[in-house]
Amino acid sequence: MELVINGRTASLEARTIQDVIDHYGLAGRPVVVEADGEVLTAPQWADTAVRPGMKIEIVHFVGGG
């Protein structure tokens, strides 16, 4: 399915936001997800279905100094 992830088109086999997070190896890390303009909490990821063309923004935190 074609999705727009952080402004770039991606073709993923995903049914939920959790599948997208897992695909990028971000499960268990501090992540913020916005799907079609709505910020989602981690408990919502498994219940939020993705659909073709959905715009998803994923922000993850990195440390450094």
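Of the residues ALA14, ALA27, PRO43, the one whose Cα sits farthest towards the positive end of the charge dipole of the chain is ALA27 (charges of +1 on Lys and Arg Cβ, -1 on Asp and Glu Cβ, taken about the Cα centre). Approximating the spin labels as points 7 Å out from Cα along Cα→Cβ, the ILE58-to-GLU34 distance works out to 1.7 nm. For region 15-65, the relative contact order is 48 percent, taking Cα pairs closer than 8 Å that sit 6 or more residues apart in sequence and dividing their mean separation by the residue count.
Could you give the length gained by full extension between ALA27 and GLU13, i.e. 0.36 nm per residue of separation minus their alpha carbon distance, to one decimal place? Contour length minus Cα-Cα distance gives 3.4 nm. Averaging the Cα positions of each part gives two centres, and for region 44-65 and region 17-34 these lie 6 Å apart. Dipole size of the chain about its Cα centre, with +1 on Lys/Arg Cβ and -1 on Asp/Glu Cβ: approximately 140 debye, rounded to the nearest 20.
If you run the Gaussian network model on the chain, springs between alpha carbon atoms under 10 Å, then out of VAL20, VAL32, VAL50 the most flexible one is VAL32. From largest to smallest, the equivalent ellipsoid semi-axes obtained for the chain from the alpha-carbon gyration tensor read 19, 13, 11 Å.
Only the coordinates and a few stated rules stand behind these numbers; no lab work does. These numbers were taken from a predicted model, which means no experiment stands behind them. Virtual Cβ from ideal backbone geometry, glycine too; neighbours counted across all protein chains shown.
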